[in-house]
Amino acid sequence: MQKYDEAREFILKCYRELEKSVEETQDRLAVIKESLMQKATYELTYEELEHGARMAWRNSNRCIGRLFWKSLNVFDERHLTKASEMVKALYRHIEFATNEGKIRPTITVFNPRMRIWNHQLIRYAGYETKRGIIGDPHSVAFTRVCEELGWSGKRTPFDVLPLVVQINSEQPVCFSIPDELILEVDIHHPYYPQFEELGLKWYTVPMIADMALEIGGLRFSAAPFNGWYMETEIGARNFADVTRYNMLPKVASLIGLDTKSDASLWRDRALIELNIAVLQSFKKSGVTIVDHHTAAKQFGRFEQTEMDVGRELTGDWTWLISPVSPSTTHIFHRHYDNKVVKPNYSQQENPF
Ligand code: ARG
């Protein structure tokens, strides 16, 4: 019984960490076994779900922010059955997580029959036009789906996409997010006022909505979660990648760099200024953000605390290193074992 084995492995680990007695653990395993025999499935208690979601964060090999895994806030919405109820819970997630800028790591877990089609709860649309892409190229396919469902955006570079939720294999439904729930930061530079001309802004909370949460052999296909941003995610990738907002040439020309020669390192200099602008703008607005040096140090503490409790550390070096100046942090200089330990979050098939 593979299902029981996975459940058992989780319960043993979880209950040991929660310092539960052997009796309680054995009783719980008996109940799960019975349920699996009767219904071929079982239900996690809130405590198991909460701790399981936190363990899943702890086991996320690509995440540099794992020191804070115990602080994950877990909303249990497994009882909801309607799309409208689900959307209300998503609004609540956005509001609670945003917390006026003092960002709270949060996950909302729905019934396994549900699915969210968005990549992140808040994300900017991307439109293919004759004169190139307007907005975020990463969102082009999903934006088309939203338009087919009847949504239409203003066609600015920063249109927030609607939520698209699906129950079972029913037709998905589309809901816009009320403006007052969306906190964004305008990007300016502390000593290059010209940065304003770029007209850049970004949303404050990265809420991943398309990954599944796996705990004890159960799989939650709708379980959006968030931490807070590290500045490079926005400054060195979302704004800088040639296949995203591709701002480096514009930044370079604004600050007067020689873009004719690759060897002038104009890209690198523009990149740093862009990252400074992102960090300072978030800080000035009172929105939680971490720089890659601080994040790496925090990850170093996570490495230490995991070692102290005798858990083996796993990690994906290719994701843990910062895309900016990676060799200035200890992460670059060591090895990580990329073994997958459960509970965990996993990529799932694209529904569209
Ligand atoms: N890199 C993604 C983005 O730029 C967000 C991924 C999750 N990031 C996080 N800090 N929890 O939107």
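The values are calculated or read from the model by the stated rules, or taken from the named source; none is laboratory data. As the structure is a computational prediction, the values presented were derived from the model and not from experiment. Positions of Cβ are generated from backbone atoms using ideal geometry, with glycine treated the same way; all protein chains shown enter the neighbour counts. Heads up: the accessible areas ignore ligands, DNA and RNA and are worked out on the full protein's heavy atoms, side chains in. Shrake-Rupley method; radii C 1.70, N 1.55, O 1.52, S 1.80 Å.
The residue of segment 33-48 that is most open to solvent (accessible area, probe 1.4 Å), among those that are more than 29 Å from residue 69 (Cβ to Cβ) and of a type in the set (A, V, I, L, M), is 37. Restricting attention to segment 47-72, the residues that are in a loop (DSSP other than H, G, I, E, B) and away from the ligand (no atom under 11 Å from the Cβ) total 3.
Within segment 332-350, the set of residues being charged (D, E, K, R) and in contact (Cβ under 8 Å) with a residue 24 or more places away in the chain comprises 337, 339, 342.
The condition of being touching a Phe, Trp or Tyr at 6+ places or on another chain (Cβ under 9 Å), in contact (Cβ under 8 Å) with a residue 24 or more places away in the chain, within 15 Å of the ligand (Cβ to nearest atom) and among the hydrophobic types (A, V, I, L, M, F, W, C) holds for only one of 274, 313, that being 274. What's the number of the condition residue 147 fails, among (1) free of Cβ contacts under 8 Å to residues at least 40 places away in the same chain; (2) assigned to a helix (DSSP H, G or I); (3) closer than 28 Å to residue 101 by Cβ? Here residue 147 clears every test but (3).
If I go through segment 221-235 residue by residue, how many of them are away from the ligand (no atom under 11 Å from the Cβ) and either modelled with pLDDT under 95 or surrounded by fewer than 24 Cβ atoms within 10 Å (Cβ to Cβ) (or both)? Final tally of qualifying residues: 1.
Among the residues making up segment 287-338, those that are more than 16 Å from residue 59 (Cα to Cα), open to solvent by 30 Å² or more (accessible area, probe 1.4 Å) and touching a Ser or Thr at 6+ places or on another chain (Cβ under 7 Å) are 293, 323. What pairs can you find where one residue is in segment 49-76 and in contact (Cβ under 8 Å) with a residue 60 or more places away in the chain and open to solvent by less than 20 Å² (accessible area, probe 1.4 Å), the other is part of a loop (DSSP other than H, G, I, E, B) and within 10 Å of the ligand (Cβ to nearest atom), and their Cβ atoms are less than 7 Å apart, with a gap of 6+ or different chains? That search, which allows pairs on different chains as well, returns 66/60; 72/105. Taking the criterion of being within 23 Å of residue 96 (Cβ to Cβ) and more than 13 Å from the ligand (Cβ to nearest atom), would at least one residue in segment 242-252 satisfy it? Looking through segment 242-252, none of the residues is within 23 Å of residue 96 (Cβ to Cβ) and more than 13 Å from the ligand (Cβ to nearest atom). Taken over segment 290-315, the criterion of being among the small types (Gly, Ala, Ser) and outside any helix (DSSP H, G or I) is satisfied by 310, 315.
Identification of strands (runs of 3 or more DSSP E) wholly contained in segment 73-125 with 3 or more residues that are within 18 Å of residue 213 (Cβ to Cβ) and under 14 Å from the mean Cα position of the chain (by Cα) yields 106-110. Could you grab me the full set of residues in segment 316-352 that are over 27 Å from residue 116 (Cα atoms) and outside any helix (DSSP H, G or I)? Answer for segment 316-352, where residues must be over 27 Å from residue 116 (Cα atoms) and outside any helix (DSSP H, G or I): 321, 322, 323, 324, 325, 329, 334, 335, 336, 337, 338, 339. Scanning segment 122-134 for residues that are of a type outside the set (D, E, K, R) and either open to solvent by 10 Å² or more (accessible area, probe 1.4 Å) or under 20 Å from residue 81 (Cβ atoms) (or both) yields a total of 4.
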